[in-house]
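The structure under discussion appears below in the form of structure tokens.
Values in this text are rule-based calculations from the coordinates and carry no lab data. Source: prediction; values computed, not measured. Because the Cβ atoms are built from the backbone with ideal geometry, glycine has one as well, and the counts that use them run over all protein chains shown.
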Amino acid sequence: MKSIYEGKAKILYKTGDSRFLIMHFKDDATAFNGKKFAIVKGKGRLNKEATTIAFDWLKKAGIDTHFVREISQDEILVRKVEIIPVEVVVRNVIAGSLSKRMGLKKGGKLKFPIVEFYYKSDELGDPMLNEYHIRVFDIADEETIEEMKRIAFCVNDLLRKKFEQADILLVDFKIEFGRDEEGKLILADEITPDGARLWDIKTGEVLDKDRFRFDLGDLIEGYEKVLERIRCVS
């Protein structure tokens, strides 16, 4: 297979049909813009399963995504889309860069969810954007920005409820969007413990990639706890 894109955690391969791609989840673990790196055996398999479960939830709720079906233990078939180079972050709880920027204690619940935008560029360190930046540099128009926000809040409402059923607090998460061959805006990329902060709702135990970032425990153990719980959520 010929790869057309390789990121920190995934590789996209061409298929025999130009409408579809194969997404391979890597075992690579990175943090701090690649300054911390390790190969963690089994991580790709767990991320693939988490994404499959999350996209199945979204499909049942009528939210359109690029996910088509599973292929193997670490690969899925996805629709080919033109990615909008904006990472959309939804936050429910104070953590990560929000805590640092505002000087607020980690763990405080926000009065309501907020959306943040970041320019998708590893070279620049994914800098934060506002809606004016996105419009003035022709990354996306106002209508697309509003639609991304609307979908992001819908995704958040659904995922929060699903994770709560699994006794997991959805602190924040990152999603990306793309346009399919008909120009329709759809959810793309992945939904995994790599791109979401997930805490045990009772104990506060960190179950996401922060375990790797800050040496808070075995990464695979955390991801397996997430999978064990969400497999039981319909």
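Modelled this way, with points 7 Å down the Cα-to-C-beta line, the labels at residue 4 and residue 114 are 3.7 nm from one another. What translational diffusion coefficient, in µm²/s and rounded to a whole number, does the Stokes-Einstein relation yield for the chain at 20 °C and a viscosity of 1.002 mPa s, taking the hydrodynamic radius as the Kirkwood radius over Cα pairs? Value of D from the Cα-based Kirkwood radius: 118 µm²/s. In this label model, residue 180 and residue 15 are separated by 1.3 nm, measuring between points 7 Å along each Cα→Cβ vector. Cβ-Cβ distance of residue 205 and residue 142, R₀ of 41 Å, FRET efficiency by 1/(1 + (r/R0)^6): the value works out to about 0.50. Semi-axes of the equivalent ellipsoid for region 1-92, computed as √(5λ) from the eigenvalues of its C-alpha gyration tensor and ordered from largest down, come to 21, 18, 15 Å. Among the helices of the chain, those built from whole DSSP H runs whose Cα atoms reach 18 Å or more along their own axis and whose mean Kyte-Doolittle hydropathy is at least -1.0 are 43-60, 142-165. Relative contact order for region 82-221: what percent, with Cα pairs under 8 Å and sequence separation of 6 or more? Over region 82-221, the number comes to 22 percent.
Just how large is the dipole of region 4-155 about the Cα centre, in debye to the nearest 20, putting +1 at every Lys and Arg Cβ and -1 at every Asp and Glu Cβ? Working shown, then result.
Values: 27 positive and 23 negative charges, 181 e Å.
For region 4-155, the charge dipole is close to 860 debye.
Taken along the Cα-to-beta-carbon direction at a fixed 7 Å, the label points for residue 231 and residue 133 span 4.1 nm. Is the shape of region 82-221 rounded, prolate or oblate, going by the alpha carbon gyration tensor and its root eigenvalues a ≥ b ≥ c, with a/c under 1.5 for rounded and a/b larger than b/c for prolate? It comes out prolate by the Cα gyration axes. Tell me, which longest segment in the chain has none of the trypsin sites (Lys or Arg not before Pro) that fall in DSSP loops with at most 15 further Cβ atoms within 10 Å? So the longest stretch without any such site is 107-183. When chymotrypsin sites (Phe, Trp or Tyr not before Pro) are flagged only if DSSP places them in a loop and at most 11 other Cβ atoms lie within 10 Å, the longest unflagged stretch of the chain comes out as 33-136.
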